[in-house]
1. Counting Lys and Arg as +1 and Asp and Glu as -1, what is the net charge of the other residues whose Cβ lies under 13 Å from the Cβ of LEU618?
2. What's the angle, to the nearest 10 degrees (0 to 90), between helix 145-154's Cα axis and the longest principal axis of the chain?
3. Below 8 Å between Cα atoms, with a sequence gap of 6+, how large is the relative contact order for the chain in percent?
4. Provide the convex hull volume over Cα atoms per residue for the stretch 342-387, in Å³.
5. Restricting things to alpha carbons, find the Rg to Rh ratio for the stretch 269-359 using the Kirkwood radius for Rh.
6. Which of the aspartates and glutamates could a cross-linker span from LYS32 if the Cα-Cα distance has to be under 15 Å and same-chain partners fewer than 8 positions apart are dropped?
7. Accessible area of ASP339, 1.4 Å probe, to the nearest 10 Å²?
8. Nearest 10 degrees is fine. How inclined is helix 220-234 to the longest principal axis of the chain, computing both from alpha carbons?
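The values are calculated or read from the model by the stated rules, or taken from the named source; none is laboratory data. Keep in mind that this is a model prediction, so the values were computed, not measured. Here Cβ is always computed from backbone atoms with ideal geometry, including for glycine, and neighbour counts include all displayed protein chains. To get the accessible areas, we keep the full protein, side chains included, count just its heavy atoms, and leave off ligands, DNA and RNA. Shrake-Rupley method; radii C 1.70, N 1.55, O 1.52, S 1.80 Å.
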Amino acid sequence: IKNGSILRLTTSPDQEAERLYSGIQSNNSDVKTDSLKKLASLSQDVTFAQEFINRNGLKLIFYIVEEGNAVWTLPHCLCSSSTGEMLAHTLKAFMELMEHDFVSWETLSAAFIKKIVSYVNMNAVDASVQQLSLSILENMVPTSPLLFELVRKEVTLDRLLTHLQVTNTQLQLKAMALLIALLLAAPDSERRDMMEYLREKNIRQFIHKNIIHSSEPLGDEMAHYLYVLQSVSLNLRERRMRTSMDPYSQEQRELLQSLRQAAFEPEGEAPAGPFSAERRRSLCAKEFRKLGFTNNSNPAEDLRRAPPGLLALDNMVYFSRHTPNAYSRFVLENSSREDKHECPFARSSIQLSLILCEILHVGEPCSETAQAFYPMFFGQDNFFEELFCICIQLVNKTWKEMRATQEDFDKVLQVVREQITRTLSLKPTSLELFKTRVNALNYSEILRLRQTERLHQEETLAVPVLELRERLKPELLGLVRQQRLLHLCEGTLFRKISSRRRQDKLWYCRLSPNHKVLHYGDVEEGVCSPPIESLPEKIPVADMKMLLVGKECPHTKEKSSGKQNKDVLELAFSVVYDVEEYSLNFIAPTRYEFCLWTDGLNVLLGKEMTSERTQTDLDVLLSMELKLRLLDLENISIPDTPPPVPKPPSSLNFCYDFS
């Protein structure tokens, strides 16, 4: 016990476990409720949890949920606050005890699981009980195929959609978490069926209207679940993306022929006159060449490359069927140009499909922490195909603006990629808005943006400017260090991510104002910035030995089962303190937080700041300072005091609405 530490005496875990074990069996409802409440609180402690489980405490909780207190089996009684509170404490205690992984989820009895399911499926149930029941099922689903099948069968998608439509945001969040857990655990064919059913129920439009555009702010967890839903939906195309064209497949050959016919044989018009087989083949080859296939005698060869494989063919067929006028205009317009100036539709479509797969990460595994979803994805069915339809027309438009020839094909597609990524970074809320913005970002605008960025780089590379940069750097690095320590003093909310993907365990860490102690402790959901006094644990900065990141961290080594998630590794860091026996383990909520915390901890350890954010921030500060120093201020008097702030205008109606 270090000098200056506060020593608090409490009942030993084994005695407390014994007392609560007796208390939750009491016939007095007040004693029972208080014992269950205390149990839910103390079960977070691993030593207490072990003692309680060793006394068969979990079996007692199973009994209480399955058979105990008979009134719980009556639906109308679960609305009463006292009964609902008692059950909520029981389920909370169960969750906390299971979190320590002393007992496998697969040991749960069918009766217990069905009881938990019944709380999810009943209407008249206390909201806190339903939230906890949904969380229990969410944790259960990924642990085994058997439990997945059981939950999938008992909790219907319709029931989860009902929970998504409530006004209680926490209940909405837990229902979304269970839905995502079911989708991730399902086999490919079943996942496809589930997504198709959700599409029929218009889940995208509901999310777009009632969750994304709700008056309530979108929390980090819901943003993550929407990202996963978007990723799962886009990944349904992975099989087509990785499948090459089969030249012997009648269905695929018919799709190719439909592209040719839609462009060159208007509906109901057959080619006039009798043709020999040879003449017919020659005509088809000529038309496939006009369509932009490289191998016009056997266009299937162009689709042998995977990715994008058959996905490119699907996109071309979708474009020809859903926007026939735009398709005909694209093909016929380019057919009438000189050979070297025509924009090849098929070749462009194949390359564009690949670009869209890369930008939208189709076929990549879901990240455990990412929150980057596109709001417009939820406002449109067949999002990928509709996006392709907009972008393939953009290819033709950019081709004309660049006056491109066949040799410029790669350059045009690079510009198109830049147009798409720049527009997507603005997070447009609908495909219509995306279309407007991406078309406004024409080739001349891309050139202007590139020129601006290049000039900005060039003006900072002159020798006198470089010398001035070096003189300014130490002072500005000090400013960055100061900002990092201030950020640590404000503190950050971290999540404990277990092997079961559970994300509702929160803890907070902050640096004391005198930069001498790290304070940390568990907090409840919804607490943004707890006071430093409420964080019970602390580590003196003087005891900190080193900072570990990524694979070196103890908590990433412990998770040896299964392949490591790349995103979690990129956000993991640990502080080793005392004699290298103990470590405080972190998983940052974002890459930005990871950079600020690792920089701040390095400053406390007296080491260099090494994150990529340090260089970015330093460049911004240097750029601003250099521009101020290089301003031409001759014959300009600089006032000693800042000018007064003018009064606000009487009306703000002059502001232009860019949406």
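1. Local net charge: -3.
2. So the inclination is approximately 90 degrees.
3. The normalised contact order for the chain reaches 8 percent.
4. Numbers: hull volume 4.4 nm³, N = 46.
It comes to 96 Å³ per residue, whole-number rounded.
5. Details: Rg = 14.2 Å, Rh = 14.2 Å.
Expressed as Rg/Rh, it is 1.00.
6. Straight-line reach from LYS32, under 15 Å: GLU16, GLU18, GLU85.
7. 100 Å²
8. Helix 220-234 sits at roughly 40 degrees to that axis.
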